[in-house]
Structure formats: structure tokens, C-alpha cells
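Q: Got a structure for you, written out below as C-alpha cells; questions coming shortly.
The values are calculated or read from the model by the stated rules, or taken from the named source; none is laboratory data. Just so you know, these numbers come straight off a predicted model, no measurement behind them. Note that we place each Cβ from the backbone using ideal geometry, even for glycine, and neighbour counts take in every protein chain shown.
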Amino acid sequence: MTPSGQAPRPDFARYSTIGLEFALIVGALGWLGHLADEELFGPGGFPVFLLLGLATGLVGGILRMSRQLAGLRRPPDRGRDGEDRP
């Protein structure tokens with residue numbers, strides 16, 4: 001058990017959650033861009049908002065993923081008594 005009372009998750013669960021969040025961010029923003037293109041330009045128009053949504057999703061997903069991975073690699077903060085602090 002961790003100090004917060006939750007059972008620690010295995011590493012594969014942490015990393016799969018990060019990957020799933022990345023895919024959902026990119027997919028959701030791409031889908032919203034597709035909907036905007038269909039509404040504004042009709043079928044067959046140039047996919048401006050789809051490309052903007054995908055690019056925004058990639059940048060946002062990479063930033064979020066890098067922050068989460070940096071937090072996983074950070075060593076636990078130890079107090080003067082050598083105990084882990086939350």
C-alpha cells in the first residue's frame with residue numbers, strides 16, 4: 001500500500017494508461033477537426049481543421065506524455081529520517 005492508501009499499480013498499467021491517453025487526445029482532436037471541416041466545407045473539401053486538430057493533438061499529447069514520464073522517473077522524496085514522503 002502507498003501512503004495514500006491505494007495499492008501501487010504495475011508498470012504496464014502506468015505506461016498503457018499514458019499511451020491510451022495519447023491516442024485519445026490525438027483521435028479526439030482529429031475527429032473534432034473532421035467534424036468542423038464537414039460542417040464548413042462539406043464533403044470533399046480540404047481538411048484544414050482535421051490537420052490542425054491532429055497537429056494540436058500530437059503536440060498536446062507529447063507534452064502530456066513527457067510530463068507524466070518525467071514524474072514516473074523522479075526518485076521519491078526522502079525526509080531526514082530516510083522515510084519516503086508523499
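Q: Does GLY82 fit the bill of being exposed (fewer than 11 other Cβ atoms within 10 Å of the Cβ), out of contact with any helix residue (DSSP H, G or I) (no Cβ under 6 Å at 6 or more places or on another chain) and at pLDDT 80 or above?
A: Here the answer is no, as GLY82 does not meet what is asked.
Q: So which of GLU21, GLU38 is within 16 Å of the chain's Cα centre (by Cα), at pLDDT 90 or above and not hydrophobic (A, V, I, L, M, F, W, C)?
A: Sole residue among the options that is within 16 Å of the chain's Cα centre (by Cα), at pLDDT 90 or above and not hydrophobic (A, V, I, L, M, F, W, C): GLU21.
Q: Additional query: What pairs can you find where one residue is in the stretch 58-75 and within 19 Å of LEU32 (Cα to Cα), the other is outside any helix (DSSP H, G or I) and modelled with pLDDT of 85 or more, and their Cβ atoms are less than 7 Å apart, with a gap of 6+ or different chains?
A: Partner pairs satisfying both residue conditions: none exist.
Q: Taking the stretch 44-69, which residues are over 30 Å from ARG14 (Cα atoms) and either crowded, with 17+ Cβ neighbours inside 10 Å or touching an Asp or Glu at 6+ places or on another chain (Cβ under 9 Å) (or both)?
A: Across the stretch 44-69, the qualifying residues are GLY45, PHE46, PRO47, VAL48, PHE49.
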